[in-house]
Amino acid sequence: MGHKIGGCGVTWDRVNGTSLEVACDESGSDGENLTGGNTDVFAHASVRLPEEFAAAQVREIRGRIRSPAEEYKANHLLREKHRAVLEWLLSESGPLYGHAHVHLVEKAFFVVDRTARLLLDDPEPAAALFVEGPRTFTETEWRDFLAAANRLLRVRSAEGPEEPVEAFFRTVDALLWAYSGTPAADVLTRLATERSRAVAYRDGIDAAGAPLVPLLNPLLPSVLRTAAHWSRGGRPVRLAHDRQNMLTPERIAWIERAARREGIGLAGLRLVVSRYDARVQLADFLAGIARSVASDELNGRGDPALSRLLRPYTGASAVWGDTRSWARLGPASPPESGNPVADSEGGTTSINSLA
C-alpha cells in the first residue's frame, strides 16, 4: 500500500505482508500514584510512519532546533524559542499529521472511574461524582477524597489491608455527614454500602500479591485503545513500543489476549530501544507535547493555538472527566464510556479510553 508523504512515495512497513507496524511511547507515568505524582495527565502516543522517513524527520527537527543535546525530548520543542518548530511538527504540513494518534487520560478522573468500577460495577456514577464533587466539596475535601480513593486502589502499600479501607470510608462518611441531600451525596451513599467489596479487594492483594494488571496503571488499557484505533476496519496492526518496566512478557501476553477477546486486530507487540528507532522518538515527542498541552488546558492556562493543533491527534476513547478542557482538546464526539475487561488472572481493567 503506497502513501504520499512530503512529496515522496513511500510504502508502509508490513509484517508478513499483512499488518502495519505502529511505534508507541508514553508520557506522564507516575505508576499508581495518580493523585500525588508529578503529572495530572497521562498520554500514550503512536506514530505510523516508515522508519527511513521518520529518521529524516528527526534529523529535520534537530536541524531546526540546533541544540547540542545528544537526545531530544518534548521539552526541547516546548521552549518558547522553538515555538515555530513545535507548530510545524503538529501542523497539516508537518510529518505527523494524519499519521499519529494520542490517547489521553486525566488521572484524577481515572481514579474516580476505577473506584466506581471496583465498588459499584458501574462506570456511570464516576462521571456524576466528578462533576458534582468539586461543585459541592471544598477544594481540600475533594483532594482528600481523591487521595483516599487512590490509596484504596493502590497495590503497593506499606500498610496492612485494613487501613486503606478504613481511611476511604472515613472520608466518605465525613462527606456524607457534611453534604447530605446533595447530588454528590447520592453517589457517595452508594459507595458507602460497598465496604465488603473494598475489603475483599485489599484482602486479595494481601493474600496473592500484586495482580497482573493493576487497577490504577493506565498504560495497559491505553495500549489496547491505541491498537483499537489503528486496527479499525479490520486491518491488523503490530505495535513497536519503547521499553517500559510495566510491559513484562506476562503483561504483553495479557494485552494480546484482551485484544482478541475484544475483536481488536492486534497482531503482536514488541519492545524497542527508542534511540535506535526514530518512529518511537517521534512518538515520544508527541506524547510529551500532548501531555503538556492537555495539562495546561486542564488547569485553565491553555494555549488556544496549541490546543487547536493537538485536536486532530486526540481520540474519543480518552478517559477524561473535565468537560471544559475536553471541549478544546478533543474531537467533535464525546469520550466513550468504556467497556470493562475482566482478566482471567484476576485483574480488572477497561479498554475504554483511559485504560
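The values are calculated or read from the model by the stated rules, or taken from the named source; none is laboratory data. Computed from a predicted model, the values in this text were never measured in an experiment. Note that we place each Cβ from the backbone using ideal geometry, even for glycine, and neighbour counts take in every protein chain shown. The accessibility values were calculated without ligands, DNA or RNA, using every heavy atom of the protein model including side chains. Shrake-Rupley method; radii C 1.70, N 1.55, O 1.52, S 1.80 Å.
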Inset, instruction - Specify the residue with the greatest mean-square fluctuation among Ala294, Ala128, Ala316, computed from a Gaussian network of the chain linking alpha-carbon atoms under 10 Å apart. - result: Ala128
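List the trypsin sites (Lys or Arg not before Pro) in region 155-190 that DSSP assigns to loop (not H, G, I, E or B) and whose Cβ has at most 14 other Cβ atoms within 10 Å. Which are they? Could you put the intermediate results ahead of the total?
Details: sites: Arg156, Arg170, Arg190; in loops: Arg156.
Counting only loop positions with at most 14 other Cβ atoms within 10 Å, the trypsin sites (Lys or Arg not before Pro) in region 155-190 are Arg156.
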Inset, instruction - Calculate one ³J(HN,Hα) per residue across region 306-320 by plugging θ = phi - 60° into the Karplus curve 6.51 cos²θ - 1.76 cosθ + 1.60, and present them in order as whole Hz with x for glycine and proline. - result: 5, 5, 5, 5, 6, 3, x, 9, 7, x, 6, 7, 4, 9, 9
Inset, instruction - Give the relative contact order (percent, whole number) for region 253-314; include only Cα pairs under 8 Å separated by 6+ residues. - result: 16
Legend entry - Within the accessible area of the chain (1.4 Å probe), percent carbon and sulfur: 48
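Among 26-32, 86-92, 172-178, 283-289, how do they line up from the highest to the lowest mean number of other beta-carbon atoms within 10 Å?
Values: 26-32: 20.7, 86-92: 18.4, 172-178: 15.7, 283-289: 26.9.
Result, highest mean Cβ count within 10 Å first: 283-289, 26-32, 86-92, 172-178.
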Inset, instruction - Take the alpha carbon gyration tensor of the chain, find the square roots of its eigenvalues, order them as a ≥ b ≥ c, and report rounded if a/c is under 1.5; if not, report prolate when a/b exceeds b/c, else oblate. - result: prolate
Inset, instruction - Rounded to the nearest Å, what's the spacing between the alpha carbon centres of region 79-117 and region 28-64? Just the number, please. - result: 9
Inset, instruction - Could you state the accessible area per residue of the chain in Å², with a 1.4 Å probe and every protein chain left in place? - result: 43
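Please state the relative contact order of the chain as a whole percent: Cα pairs under 8 Å, 6+ residues apart? Walk me through the intermediate numbers first.
Working: 613 pairs, mean separation 91.3, N = 355.
Dividing the mean separation by the residue count of the chain yields 26 percent.
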Inset, instruction - Quick one: order Lys81, Lys73, Lys107 from most to least accessible surface, probe 1.4 Å. - result: Lys81, Lys73, Lys107
Inset, instruction - Report relative contact order for region 122-270 in percent, whole number only (criteria: Cα-Cα under 8 Å, sequence separation at least 6). - result: 21
